[in-house]
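Below is one structure, written out as structure tokens, with a few remarks after it.
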2 protein chains.
Amino acid sequence: MEERGPWKTLKVEERYATPWISVSHHDVIDPSGAPGIYGVVHFRNLAVGIVPLDEAGNTWIVGQYRYPIKEYSWEIPEGGGKRHVPAVESAQRELREETGIEAANWTEILRMHLSNSASDEEAIIYVASGLSFHAPEPDQNEELVIRKLPFAELYGMVMRGEVRDSLTVAAVLKVQLMLTDGGLSFQK
Amino acid sequence: MEERGPWKTLKVEERYATPWISVSHHDVIDPSGAPGIYGVVHFRNLAVGIVPLDEAGNTWIVGQYRYPIKEYSWEIPEGGGKRHVPAVESAQRELREETGIEAANWTEILRMHLSNSASDEEAIIYVASGLSFHAPEPDQNEELVIRKLPFAELYGMVMRGEVRDSLTVAAVLKVQLMLTDGGLSFQK
């Protein structure tokens, strides 16, 4: 029997697995002392997201159809990083693959648990500056559209609710606050 | 065969279900035309979150141990709302149950897809003001600690990375920006 804070875990069984997630069924004793169940979605990879910024105040977003929500979605460049690889290296790889951009300067701005009542998914988000431009190399199964736009325009899209991806929303709001309070500026 | 944007769905099988989530295995043709699989986590409920604000600039957060991440977490009041119930009613119920607070004024400030590469989970977040105070009625299996604090202090916790729940991070950053640009003020 494993103790997790005020919860006790009696038994764990894996019920579903793909290369990206595994889902396990937990028989538990909840904090009130009552027996219960908990379905936990484990993410094999870290989620990494990048806000690239050039010295003119532009950023880049990626458009793609997201299968689980059945909607087209505009987002900061994001992807999965292996847990044994430093997250910044995964972010550098994703940015290069999706947009063709390499960046000299990387600053971690945010870590979040995306859905902590059901999963252990964790996101780490960076600002990247000192940009140079190369050919994108997207994964074969991705159909991505890349768009360059002023960061201020992306901020407007988020504030109006036109962008709804949680990583993008939180990252853009935090960058705006960092730009406002002087902790961040557009630079080469 | 169902078409979802550039994806084709050949077959869907439910592989796991609880009262809160169901997990289905999809045989697909991906946007490149190659066969593949997709594991999709469906959330039966909407996630609702609330930032209560009083006229002195205080807010309330909830502390609890989150089983999937094996960590204690301070968050805005949040919970699940049935999809056939208006989200604002679910938010009103959650705020009352978790904190004992009722609010005269409700403003939707944010909608997000929390993890759109793997799930259809959607969050709707409100600011609540015009507060009155009653006894909390938490779910039997919840062990919650309620804390009243200045919103400015919660904003500091988010900016320093001491709060990592995605709903809380995004909500607090957006409220701060709304307070800054005049779209929101502390009121009775």
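Bear in mind these aren't lab numbers, they're just calculated from the coordinates by the rules spelled out. As the structure is a computational prediction, the values presented were derived from the model and not from experiment. Here Cβ is always computed from backbone atoms with ideal geometry, including for glycine, and neighbour counts include all displayed protein chains.
Note on chain A: with a GNM built from Cα contacts shorter than 10 Å, the maximum mean-square fluctuation among A:Ala170, A:Ala118, A:Ala34 falls on A:Ala34.
Could you tell me whether the protein assembly as shown comes out rounded, prolate or oblate from its Cα gyration tensor? Rule is a ≥ b ≥ c as square roots of the eigenvalues, rounded for a/c under 1.5, then prolate if a/b exceeds b/c, otherwise oblate.
Numbers: a/c = 1.73, a/b = 1.12, b/c = 1.54.
Cα axes put the protein assembly as shown in the oblate bin.
In loop segments of region A:1-66 as defined by DSSP, the chymotrypsin sites (Phe, Trp or Tyr not before Pro) with at most 16 further C-beta atoms inside 10 Å of their C-beta are A:Trp20. Given springs between every Cα pair under 10 Å in a Gaussian network model of chain B, which of B:Ser166, B:Ser129, B:Ser117 has the largest fluctuation? For chain B, modelled as a Gaussian network with Cα springs under 10 Å, the answer is B:Ser117.
Taking square-rooted eigenvalues a ≥ b ≥ c of the alpha carbon gyration tensor, is chain A rounded, prolate or oblate, where a/c under 1.5 means rounded and, failing that, a/b exceeding b/c means prolate? Let's see the in-between values first.
On the way: a/c = 2.24, a/b = 1.91, b/c = 1.17.
Taking the square roots of the gyration eigenvalues as a ≥ b ≥ c, chain A is prolate.
Taking a ≥ b ≥ c as the square roots of the eigenvalues of the Cα gyration tensor, region A:93-157 is classed as prolate, since a/c reaches at least 1.5 and a/b is larger than b/c.
Return the whole-Å distance between the Cα centroid of region B:155-180 and the Cα centroid of region B:87-107. So the two Cα centres are separated by 20 Å.
Helices that extend 15 Å or more along their long axis by alpha-carbon positions and average at least -1.0 on the Kyte-Doolittle scale are, among the DSSP H runs of chain B, B:166-180.
With a simple spin-label model that places each label point 7 Å from the Cα along the Cα-to-Cβ direction, the separation between B:Thr9 and A:Glu55 comes to 4.9 nm.
When A:Leu184, A:Leu149, A:Leu167 are arranged by Cβ crowding within 10 Å, least crowded first, meaning fewest neighbours, the order is A:Leu149, A:Leu184, A:Leu167. Cross-link reach is defined here as a Cα-Cα straight distance under 18 Å, omitting same-chain residues fewer than 8 places apart; for B:Lys148 the lysines meeting it are B:Lys188.
On the basis of the beta-carbon distance and an R0 of 25 Å, A:Asp27 and B:Arg83 show a calculated FRET efficiency of 0.35. Placing pseudo-labels 7 Å out from each Cα toward the beta carbon at B:Ala34 and A:Gln187 gives an inter-label distance of 4.0 nm.
Could you list A:Thr99, B:Thr9, A:Thr168 so that the one with the fewest beta carbons within 10 Å of its beta carbon is first and the one with the most is last? Walk me through the intermediate numbers first.
Numbers: A:Thr99 25, B:Thr9 16, A:Thr168 28.
Result, fewest neighbours first: B:Thr9, A:Thr99, A:Thr168.
Computed over chain A with a Gaussian network model linking Cα atoms closer than 10 Å, the most mobile of A:Gly33, A:Gly79, A:Gly161 is A:Gly33.
Beta bridges from DSSP with both residues in the protein assembly as shown: antiparallel share about 85 percent, rounded to the nearest 5.
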